[in-house]
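The values are calculated or read from the model by the stated rules, or taken from the named source; none is laboratory data. Please read all numbers here as calculations on a predicted model, not as lab measurements. With ideal geometry, Cβ positions are generated from the backbone for all residues, glycine too; neighbour counts draw on all protein chains shown. The area values use the complete protein model at the heavy-atom level, side chains included, leaving out ligands, DNA and RNA. Shrake-Rupley method; radii C 1.70, N 1.55, O 1.52, S 1.80 Å.
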Amino acid sequence: MTMIVLWDLDGTLLLDNSPEGGESVFAQALRDVTGLTDVTVPERHGKVDWQILDEMRRGAGQPDTVAGPLTRRFVELSEAWYAQPANACDPVPGVQEALAAVHGNGWTNALITGNSKQRTRVKLTSAGYDLGLFDWGHSFFGAIYPDRAALAWAAARAVHNGVLVGDTEGDGVAANAGGFAFVAVTTGGTDAGKLAKFGPVLVVDDWTAQLEDFLTVVKRAVR
């Protein structure tokens, strides 16, 4: 059975250092499709794109019919935003070597992220990643799932031998919900103590120093 390592995106593979982490894209999308000027973006940390857009739409008192146009405009603005060199994401130090090591051991790299597929692709490209490193057919995105747990349940139906790597409490929820071994990383800024309650098999602070530990954990998870 193929081992699939499911990687979260923001804070795990890359760091979004663009102004406000691209928060203005969410607000602008709602302004563009509704004509509203006063728009509030909810807390985004650990949530999927669909969840953030839905909370923002409902908070503005907008009907369900706005959801489709809002999502489409959000994707368009995201692609334009991250295509600008000034808004490019940065790869997390050492993680590209971890991806290469997963591939070198005959395992598969895939994605599990709250970002939409299109937004994921443009972020990875801006950070200099080779999109061919990932199995897109076994990757899962936040465009159609209401939260991290639902995203994980979808992944669990397709991935029967996997490890989930993530940096937020939401990733811990996803790993537990999907029955995946959880490798927690602190590269996104979440304290290791907050991630400990999800029972990680490993906490990575530094990929260069802990790459071998990571590979050992994945080998143990192979069934």
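How do the pairs read when you match residues in segment 82-104 that are under 20 Å from K117 (Cβ atoms) with residues anywhere that are part of a helix (DSSP H, G or I) and aliphatic (A, V, I, L, M), using Cβ under 6 Å and keeping only pairs 6 or more apart or on different chains?
Close Cβ pairs (under 6 Å, with a partner that is part of a helix (DSSP H, G or I) and aliphatic (A, V, I, L, M)) amount to Y82/V122; L99/L133.
Filter segment 125-164 for residues that are among the hydrophobic types (A, V, I, L, M, F, W, C) and closer than 17 Å to C89 by Cβ and give the result. Show your work before the answer.
Initially, segment 125-164 is screened for residues among the hydrophobic types (A, V, I, L, M, F, W, C), giving 127, 131, 133-134, 136, 140-141, 143-144, 149-156, 158-159, 163-164.
Answer for segment 125-164, where residues must be among the hydrophobic types (A, V, I, L, M, F, W, C) and closer than 17 Å to C89 by Cβ: A127, L131, L133, F134, F141.
Select, from N109, N115, the only residue that is touching a residue at least 24 places away in the same chain (Cβ under 8 Å), closer than 20 Å to V222 by Cβ and crowded, with 18+ Cβ neighbours inside 10 Å.
On the way: N115 fails: closer than 20 Å to V222 by Cβ.
Only one candidate qualifies: N109.
Look at segment 6-26 and say how many of its residues are assigned to a helix (DSSP H, G or I) and either farther than 17 Å from W81 by Cα or open to solvent by less than 10 Å² (accessible area, probe 1.4 Å) (or both).
Step one: list which residues in segment 6-26 are assigned to a helix (DSSP H, G or I), which gives 19-26.
Filter once more, keeping what is either farther than 17 Å from W81 by Cα or open to solvent by less than 10 Å² (accessible area, probe 1.4 Å) (or both): 22, 25-26.
Adding up the residues that qualify gives 3.
So which residues in segment 80-111 are over 17 Å from T187 (Cβ atoms) and either in a loop (DSSP other than H, G, I, E, B) or in contact with a His (Cβ under 9 Å, 6 or more places away or on another chain) (or both)?
Once the filter is applied, which keeps residues that are over 17 Å from T187 (Cβ atoms) and either in a loop (DSSP other than H, G, I, E, B) or in contact with a His (Cβ under 9 Å, 6 or more places away or on another chain) (or both), segment 80-111 yields A83, Q84, A88, N105, G106, W107, T108, A110.
Taking segment 179-223, which residues are at pLDDT 95 or above, small (G, A, S) and surrounded by 16 or more Cβ atoms within 10 Å (Cβ to Cβ)?
A181, A184
Examine segment 196-207 for a residue that is over 21 Å from I4 (Cα atoms) and touching a residue at least 24 places away in the same chain (Cβ under 8 Å), and state whether such a residue exists. Show your work before the answer.
Residues of segment 196-207 over 21 Å from I4 (Cα atoms): 196-197, 205-206.
Those still in the list that are touching a residue at least 24 places away in the same chain (Cβ under 8 Å) too: 197, 206.
Yes - at least one qualifying residue is present in segment 196-207.
Kindly evaluate R157 against the criterion of being open to solvent by less than 30 Å² (accessible area, probe 1.4 Å) and of a type in the set (D, E, K, R). Break it down stepwise before answering.
Working: open to solvent by less than 30 Å² (accessible area, probe 1.4 Å): no; of a type in the set (D, E, K, R): yes.
Against the criterion (open to solvent by less than 30 Å² (accessible area, probe 1.4 Å) and of a type in the set (D, E, K, R)), R157 does not qualify.
Here is a check on your reading of the model: is R44 open to solvent by 60 Å² or more (accessible area, probe 1.4 Å), among the basic types (K, R) and either within 18 Å of G114 (Cα to Cα) or at pLDDT 95 or above (or both)?
On the way: open to solvent by 60 Å² or more (accessible area, probe 1.4 Å): no; among the basic types (K, R): yes; either within 18 Å of G114 (Cα to Cα) or at pLDDT 95 or above (or both): yes.
No.
Hey, among G68, G46, G61, which residue is more than 14 Å from G21 (Cα to Cα) and not in a helix (DSSP H, G or I)? Steps first, please.
Details: G68 fails: not in a helix (DSSP H, G or I); G46 fails: more than 14 Å from G21 (Cα to Cα).
Checking each option against the conditions leaves just G61.
Can you tell me which residues in segment 51-81 are in contact with a helix residue (DSSP H, G or I) (Cβ under 6 Å, 6 or more places away or on another chain), open to solvent by less than 60 Å² (accessible area, probe 1.4 Å) and charged (D, E, K, R)?
R57
For segment 124-152, give me the residue count where each residue is part of a helix (DSSP H, G or I), open to solvent by less than 50 Å² (accessible area, probe 1.4 Å) and more than 15 Å from I52 (Cβ to Cβ).
As a first pass, look at segment 124-152 and keep what is part of a helix (DSSP H, G or I): 124-126, 131-133, 136-138, 148-152.
Cutting the leftovers down to open to solvent by less than 50 Å² (accessible area, probe 1.4 Å) gives us 124, 126, 131, 136, 148-152.
Of the ones still in play, those that are also more than 15 Å from I52 (Cβ to Cβ) are 124, 126, 131, 136, 149, 152.
Result for segment 124-152: 6.
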